[in-house]
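Participant: Dropping the structure in here first, questions after.
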Amino acid sequence: DRLNMKGAAKRAYVAARDYDQLRFRASSGFNDAIRALDNGPQTMVADIEKGFERASADSLIGNDLILEHLHPNLRGNFLIAKFLADLIRQHQLIAPGQEWDTTGKISGDSLWNRRPTTELDELAARRRISILTSAWPFQSRAAPLSPPGTRDTIGMIVDRLTKAKTTWEEAHVSAAEYYTRTGDTLRAEREYKTLVNQLPMNVSAYLFLGQLYMRGGRHGEAEEILQRSLNADTTVFACKAIGSIKLNTGNALEAVPWFTLAYGMSGEPEEQMQNGYLLSLALHTANMNDRASAVMQGLLQKF
C-alpha cells in the first residue's frame, strides 16, 4: 500500500481478512454466497462491500469509512442506508415508482448535511475508538485518561461523556448552552435539532430551539418547531410564543386562540397578568373590543 501497489495491497488485505481465525468479518466465500442469492423479484442484495469500494480511493476500504477494523463510521453507515434505499427504489418497494420519482430528488449531500448528529458525537466516537484501539490486538499501550484537546469546554463535555459521568442528553444540552452563550447560533441549533430528533417526546429541546429562532428573527421556523412541540406537550410558553408571532406578523385573529390557551393554563399571578394582557391586546387588535374589555375587567377584579 505504501509503495502505491494498490492492486497487490487489496489482494493482501482480502487474504488477511479471509484467513483471520477471529471471524469478526465475513470472508470472501461467505459474501459470494450472499451475492448468489440475488435473484431480483424475491431476494435482492445490496452489495455494501462493492459500494464501499466505489466510495474509497483506489477501492481500498479504510479509515474514511471504517472506525477500527470492522464497524462503519458515521459516513459508512450513511452510505449503507443510501445503498439500501437505492435498492428499494430500484425494485419499487414500499411505494410505486412514481412516488419514488417525486420524493427521491433530495441529494445525498443534502441528506448528509441534515444528519442528526453533531461535532460532539463525532468527537466522542473518536475518543472511544482511541481507547479501543490503544489495546490488544491493535497496540500494547493504554490510552491516556484525558487526551490532549479536552481542556476546552466541548472537549471537557466529551471527556465527561466518554467516562460515563454525564448522559448523552446532558452532554448535548451542555454543548447547546455553551454555543448559545458564545453566540455560535448554528452549532447551538444543530445540538437542539439532534435532541429533538433523538428524544421527540421531550418538549424542552423544541422550546429552546424555538427561543433561538425567535431571538434571530426567524419567525416562520420558530412557529413550525413550536407547533411540533405540542405533539410532546402543550406548554404555556409555546402557546404564548405562537400567539406572539401571529400577533406581530399582523394575524391578530389567529393569535386569539393561542393566547386564550396560554391564559387558561397560566399558574402564577404574573404569568396570568401577562398572558391576559396579550389576549386582550389580540382581541382589541382583531376588533373584538367587548371581549377585550371583559378580559381586562376580569384581570382587574382578580388582581
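Participant: If you scan segment 252-275, which residues turn out to be open to solvent by less than 30 Å² (accessible area, probe 1.4 Å), aliphatic (A, V, I, L, M) and under 33 Å from the mean Cα position of the chain (by Cα)?
Facilitator: ALA255, ALA262
Participant: Could you count how many residues in segment 182-236 are hydroxyl-bearing (Ser, Thr, Tyr) and under 23 Å from GLU271 (Cβ atoms)?
Facilitator: Selection size over segment 182-236: 6.
Participant: List pairs: first in segment 286-299 and over 17 Å from GLU254 (Cβ atoms), second surrounded by 17 or more Cβ atoms within 10 Å (Cβ to Cβ) and among the small types (Gly, Ala, Ser), Cβ under 6 Å, 6+ apart or cross-chain?
Facilitator: Listed by first residue and then by second, the contacts come to VAL295/GLY276; VAL295/SER280; MET296/SER280; LEU299/GLY276.
Participant: Using beta carbons and a limit of 9 Å, which pairs, at least six apart or on different chains, have the first residue in segment 1-16 and without any contact (Cβ under 8 Å) to a residue 24 or more places away in the chain and more than 12 Å from ALA57 (Cβ to Cβ) and the second one in a helix (DSSP H, G or I) and open to solvent by 60 Å² or more (accessible area, probe 1.4 Å)?
Facilitator: Correct list of pairs: GLY7/ASP58.
Participant: Moving on. Kindly list the number of the only condition in (1) crowded, with 16+ Cβ neighbours inside 10 Å; (2) within 20 Å of the chain's Cα centre (by Cα) that fails for ALA286.
Facilitator: (2)
Participant: Please work out which one of (1) in contact with a helix residue (DSSP H, G or I) (Cβ under 7 Å, 6 or more places away or on another chain); (2) of a type outside the set (Asp, Glu); (3) without any contact (Cβ under 8 Å) to a residue 12 or more places away in the chain is the condition LEU195 fails and give its number.
Facilitator: Going through the list (1) in contact with a helix residue (DSSP H, G or I) (Cβ under 7 Å, 6 or more places away or on another chain); (2) of a type outside the set (Asp, Glu); (3) without any contact (Cβ under 8 Å) to a residue 12 or more places away in the chain, LEU195 breaks only (3).
Participant: Report, by residue number, each residue of segment 31-42 that is open to solvent by 50 Å² or more (accessible area, probe 1.4 Å) and not in a helix (DSSP H, G or I).
Facilitator: Answer for segment 31-42, where residues must be open to solvent by 50 Å² or more (accessible area, probe 1.4 Å) and not in a helix (DSSP H, G or I): ALA36, LEU37, ASP38, ASN39, PRO41, GLN42.
Participant: Which condition from (1) open to solvent by 60 Å² or more (accessible area, probe 1.4 Å); (2) free of Cβ contacts under 8 Å to residues at least 40 places away in the same chain; (3) farther than 30 Å from TYR192 by Cα; (4) part of a loop (DSSP other than H, G, I, E, B) is the one that ARG25 breaks?
Facilitator: The number of the failed condition is (2).
Participant: Tell me the helices (runs of 4 or more DSSP H) entirely within segment 247-303 that contain at least 3 residues that are closer than 18 Å to MET214 by Cβ. Full working, then the answer.
Facilitator: Numbers: elements: 252-265, 269-285, 289-302.
The qualifying helices (runs of 4 or more DSSP H) are 252-265, 269-285.
Participant: I need the full set of residues from segment 58-89 which are over 18 Å from TRP112 (Cβ atoms), open to solvent by less than 70 Å² (accessible area, probe 1.4 Å) and assigned to a helix (DSSP H, G or I), in order please.
Facilitator: SER59, LEU87, ILE88
Participant: Read through the list (1) in contact (Cβ under 8 Å) with a residue 12 or more places away in the chain; (2) open to solvent by 30 Å² or more (accessible area, probe 1.4 Å); (3) part of a helix (DSSP H, G or I), then give the number of the only condition that ASP233 fails.
Facilitator: Of everything listed in (1) in contact (Cβ under 8 Å) with a residue 12 or more places away in the chain; (2) open to solvent by 30 Å² or more (accessible area, probe 1.4 Å); (3) part of a helix (DSSP H, G or I), ASP233 misses just condition (3).
Participant: Here is a follow-up. Tell me, which residue of segment 96-124 that is surrounded by fewer than 14 Cβ atoms within 10 Å (Cβ to Cβ) and of a type in the set (A, V, I, L, M, F, W, C) is farthest from ALA205 (Cα to Cα)?
Facilitator: ILE106
Participant: Would you be able to say whether some residue in segment 125-137 is closer than 30 Å to SER204 by Cα, modelled with pLDDT under 85 and either hydrophobic (A, V, I, L, M, F, W, C) or open to solvent by 60 Å² or more (accessible area, probe 1.4 Å) (or both)?
Facilitator: The answer is no, given that none of the residues of segment 125-137 is closer than 30 Å to SER204 by Cα, modelled with pLDDT under 85 and either hydrophobic (A, V, I, L, M, F, W, C) or open to solvent by 60 Å² or more (accessible area, probe 1.4 Å) (or both).
Participant: I would also like to ask the following. What single numbered condition from (1) of a type in the set (A, V, I, L, M); (2) closer than 30 Å to HIS284 by Cα; (3) open to solvent by 70 Å² or more (accessible area, probe 1.4 Å) fails to hold for LEU226?
Facilitator: (3)
The values are calculated or read from the model by the stated rules, or taken from the named source; none is laboratory data. Since we're looking at a predicted model, the values are computed, not measured. Backbone-built Cβ (ideal geometry, glycine too); neighbour counts: all protein chains shown. Surface areas here come from the heavy atoms of the whole protein model, side chains and all, with no ligands, DNA or RNA. Shrake-Rupley method; radii C 1.70, N 1.55, O 1.52, S 1.80 Å.
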